[in-house]
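First comes the structure, then the notes that go with it.
The values are calculated or read from the model by the stated rules, or taken from the named source; none is laboratory data. Note that the structure is predicted; figures quoted are calculated from it, not measured. Every residue, glycine among them, receives a Cβ derived from its backbone with ideal geometry; neighbour counts consider all protein chains shown. Note: areas computed on protein heavy atoms with side chains; ligands, DNA, RNA excluded. Shrake-Rupley method; radii C 1.70, N 1.55, O 1.52, S 1.80 Å.
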Amino acid sequence: MFLHCFWAMLITGTILDLRPAGPEYFVLRAHAPQVVQHAAPGQFVMLQGWGEQDPLLRRPFDFHRLDREAGAFEVLFKVKGHGTAMISRLRPGDPLSVLGPLGRPIPFHEAPKAVGLIGRGSGVSPMFTIAEEVRRRGGRSYALVSARSPDRLLCVDELRPFCQAVWTFTDDAGGGAALRQALETLVRDEALDAVFTCGSNRLASLVAQLGQEGHFAGYAFMDAPMACGVGTCKGCVCRVRRDGAGYRYALACLEGPVFPLSEVLIE
Amino acid sequence: MNEPDLSVSLGRLRLKNPVMPASGTFNFGKEYAEYFDLNQMGAVVNKSVMLQPRQGNAPPRIVETPCGMLSSIGLPSQGIEEFLTVQLPFMRALECAAIVSVSGTSAEEFGELVSVLDRAGGVDALELNLSCPNFVDKVIFATDCGLMAEVLQECRRRTSLPLIAKLSPNVTDIVQMARLAEKHGADMLCAVNTFTGMAIDVRTRRPVLGTVTGGLSGPAIKPIVLRMVWQITQAVGLPVIACGGISNGTDAVEFLLAGAAAVQVGTANFINPLAIPETIAGIRQYMLDSGPHSVTEIIGAAWRRSAAGR
Ligand SMILES: Cc1cc2nc3c(=O)[nH]c(=O)nc-3n(C[C@H](O)[C@H](O)[C@H](O)COP(=O)(O)OP(=O)(O)OC[C@H]3O[C@@H](n4cnc5c(N)ncnc54)[C@H](O)[C@@H]3O)c2cc1C
Ligand SMILES: Cc1cc2nc3c(=O)[nH]c(=O)nc-3n(C[C@H](O)[C@H](O)[C@H](O)COP(=O)(O)O)c2cc1C
Ligand code: FES
């Protein structure tokens, strides 16, 4: 009845490291053991790296890495506006207010055989924890990394040790069509259990379409504007198909942020 | 040191302290129970419940603005039936007053909700959300003297529970609306709901919110709401619950000094799930540092200073 995360906490963590990961992209590593302890792939955090009331709201980010031994997590983000610019200027040792882990963990198949991971831009970020988890469960991951230009292809070397194969696609080299072809081949040749996609509605629609024809479960990370992250503001809705007809609104922070593509409407 | 007395009386409604959540920013409490002991609050207030289940507005529903946010949620609701079996029992079980916020699309709908909740038992007061700016047809009861009077009369007729009229700031003269609410049977006022506003995306050249306009809340509105509370409390005898941008103890004390008998913490809960307990602790600390023994003695203290000259 009540969907919410029982392990979510509000803590003040500490920045351990903040490094550039490409033009406009950064990886932030923070010490927040209480949050990391209960976090799982597919979940996210709401961060606040400033004390005053402007910017007002926390900023949501997917977990990029979960390092339980070190009690640390990483997020990979793009500097988009005021909030992410402020976070990119933090320094090791600075305090960071962390609310999380939030959202629903990915419902992994107990023994996944093979999964596809498709990320565009900073949408590659959550694929790393998924690849790690799939490997831990004895499965194989195939990553398709997409970006506008070669310098925006993120995490490729980081993903390799955890994936069976990593392919890259850039817009300047006709990436859209090539990615479609690569995914079709992958679906045909490998018995994929699931395909995860983040960072592009176009790619999510593609996976939804192939999922209907194929036999894998497609999932998309949805990003809706969020104020609270815990289900109280009712602001973060996505349209989800209803059993009968039509659709209902689902809160991305409670039911998501990862939704089955057989249910969620990509708009 | 003497522990300060934070209890307040709003007419017949006694609260152990003057701090409660603003409707629609706290669901009915469940989500925040993991972060602090909800029994600390003066009262719990649910997201306005409607008679029938509703989906709410099309996204995008929220957009951030400087020191504030615009929202157009559109009152999604589980409907009164589920409210009575799930949400109300949770609220009732807390060791604080249970204030039930209701919203309707007509005077009859408000009246029906009030009757049902009057019979339900365990409700300490009813807050009438007369001021949601985001119904699709954009009727704001509390901006129309005739409509507001009609809803209040209908509700008053159906219950003897304390009625809180939640006012809209989207009017020319808020004092006039406060007087009208007093005349038609409100026991208390809640000032205020959100300010109608909008945002446009310059890249797409389109309004950001799915419903074009939404309600502005958060620290950005605090000075305006403070002025409204200051004016209302000096003109009208009813207890006023202040609501608008209150994020901490200092904000709360400012509103008490302006004449509010209690305060609601709204948008601040989204950023800081501990905003309510921190606000209570902040008031207590203020009392310890510089206040009299009872918080009731600082209510409206700023008018007296202002009247006495500097
Ligand atoms: C569940 C979730 C996970 C996310 N994970 C990542 C991630 O791992 N890496 C990453 O780079 N980005 C991620 N995003 C997007 C990221 O939150 C926004 O880019 C960021 O909030 C922008 O803040 P800003 O102040 O820099 O930009 P501004 O444009 O100035 O922000 C203004 C307001 O709009 C909101 N906003 C702007 N863009 C988005 C967006 N795409 N989604 C939701 N809200 C937005 C902001 O939170 C803020 O309230 C995620 C979003 C969600 C909902
Ligand atoms: C997301 C959101 C949802 C709200 N929902 C309701 C509601 O259901 N009923 C109501 O009376 N007021 C609602 N409000 C208004 C608040 O209760 C409050 O009056 C307003 O936000 C101003 O206070 P604040 O600045 O502290 O948030 C809502 C406000 C927000 C931001
Ligand atoms: S972000 Fe507030 S309900 Fe989802």
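Assorted remarks:
- Cα centroid separation, the stretch B:233-310 to the stretch B:147-205 (Å): 21
- Rounded accessible area of B:Asp251 (nearest 10 Å², 1.4 Å probe): 20
- Cβ-defined net charge surrounding A:Phe216, 13 Å radius [Lys, Arg +1; Asp, Glu -1]: -3
- Packing, taken as the mean count of other beta carbons within 10 Å per residue, orders the peptides B:17-30, B:171-184 from highest to lowest as B:17-30, B:171-184.
- Interface between chains B and A: roughly 2900 Å² of accessible area buried, both sides summed (probe 1.4 Å, protein heavy atoms only).
- Net charge of neighbours whose Cβ lies under 12 Å from the Cβ of B:Ala165, counting Lys and Arg as +1 and Asp and Glu as -1: +1
- With eigenvalues of the C-alpha gyration tensor scaled by 5 and rooted, chain B, Å: 27, 23, 21
- Each of B:Arg54 and B:Gln40 was given a label point 7 Å from its Cα along the Cα-to-Cβ line. The distance between the two points is 3.3 nm.
- Computed from Cα atoms, the angle from the helix A:127-136 axis to the main principal axis of chain A rounds to 70 degrees.
- Within the protein assembly as shown, DSSP assigns beta bridges of which about 55% are antiparallel (rounded to the nearest 5).
- Cα gyration tensor of the stretch A:1-129 - equivalent ellipsoid semi-axes, whole Å, descending: 24, 18, 14
- The Rg/Rh ratio for the stretch A:223-267 is 0.97, where Rg is the radius of gyration of the alpha carbons and Rh is the Kirkwood radius.
- Of all accessible heavy-atom area on the stretch A:108-224, the percent that carbon and sulfur account for (1.4 Å): 45
- Net charge in the neighbourhood of A:Arg29 (other residues with Cβ under 11 Å of its Cβ; Lys, Arg +1, Asp, Glu -1) is -1.
- Helix A:201-213 and the long axis of chain A differ in direction by around 40°, with both axes built from C-alpha atoms.
- A straight chain from A:Asp189 to A:His38 at 0.36 nm per residue would run longer than the Cα-Cα distance by 50.8 nm.
- Within straight-line cross-link reach of B:Lys183, lysines at Cα separation under 24 Å, skipping those fewer than 8 residues along the same chain: B:Lys166
- Computed over the Cα atoms of chain A, the ratio of the radius of gyration to the Kirkwood radius (Rg/Rh) comes to 0.95.
- Computed from phi, the 3J(HN,Hα) profile of the stretch A:102-110 under the Karplus parametrisation 6.51, -1.76, 1.60 (θ = phi - 60°) reads 10, x, 8, x, 5, x, 6, 4, 4 Hz, with x in place of Gly and Pro.
- Low-density loop positions, trypsin sites (Lys or Arg not before Pro), the stretch A:167-264 - DSSP coil, at most 15 other Cβ in 10 Å: A:Arg242
- Karplus-derived 3J(HN,Hα) values for the stretch B:89-97, using 6.51 cos²θ - 1.76 cosθ + 1.60 with θ = phi - 60°, are x, 5, 5, 4, 6, 6, 8, 8, 5 Hz; glycine and proline are entered as x.
- Interchain or long-range residues, amide H under 5 Å from B:Asn27's placed H: B:Lys47
- Summarising the label geometry, the points placed 7 Å from Cα in the beta-carbon direction at A:Gln212 and B:Thr296 lie 6.7 nm from one another.
- Unit Cα scatterers, Debye sum, the stretch B:129-239: log10 I(q)/I(0) for q = 0.16 Å⁻¹: -0.74
- Taken residue by residue and averaged, Cβ atoms of other chains lying within 10 Å of the Cβ of B:259-272 number 3.
- Per-peptide average of other Cβ atoms within 10 Å, ordering B:268-278, B:83-93 highest first: B:268-278, B:83-93
- Once the Cα atoms are used to define both axes, helix A:175-189 deviates from the longest principal axis of chain A by about 60 degrees.
- With only Cα atoms counted, the protein assembly as shown has Rg and Dmax values of 25.5, 86 Å.
- Percent of beta bridges antiparallel (DSSP, the stretch B:8-299, rounded to nearest 5): 40
- Remark on B:Thr65: its backbone amide H falls under 5 Å from those of B:Leu70, a criterion applied only to residues 5 or more positions apart or on other chains, H modelled at 1.01 Å from N.
- DSSP-defined beta bridges in the stretch A:1-133 - what % are antiparallel, rounded to 5: 100
- Peptide B:56-69 shows a mean partner chain C-beta count of 6 within 10 Å per residue C-beta.
- Considering helices alone, the calculated mean residue ellipticity of the protein assembly as shown at 222 nm is -7500 deg cm²/dmol, with DSSP H runs of length four and up weighted by -39500 (n - 2.57) and normalised per residue.
- Using θ = phi - 60° in the Karplus curve 6.51 cos²θ - 1.76 cosθ + 1.60, the 3J(HN,Hα) couplings for the stretch B:213-226 round to 9, x, x, 8, 9, x, x, 4, 8, 4, x, 6, 5, 4 Hz; x is entered for Gly and Pro.
- Look at the alpha carbon pairs under 8 Å that are at least 6 residues apart: their mean separation over the length of chain A gives a relative contact order of 18 percent.
- Near the amide H of A:Thr168, within less than 5 Å, lie the amide hydrogens of A:Val145, all on another chain or at least 5 residues away, with H placed in the peptide plane.
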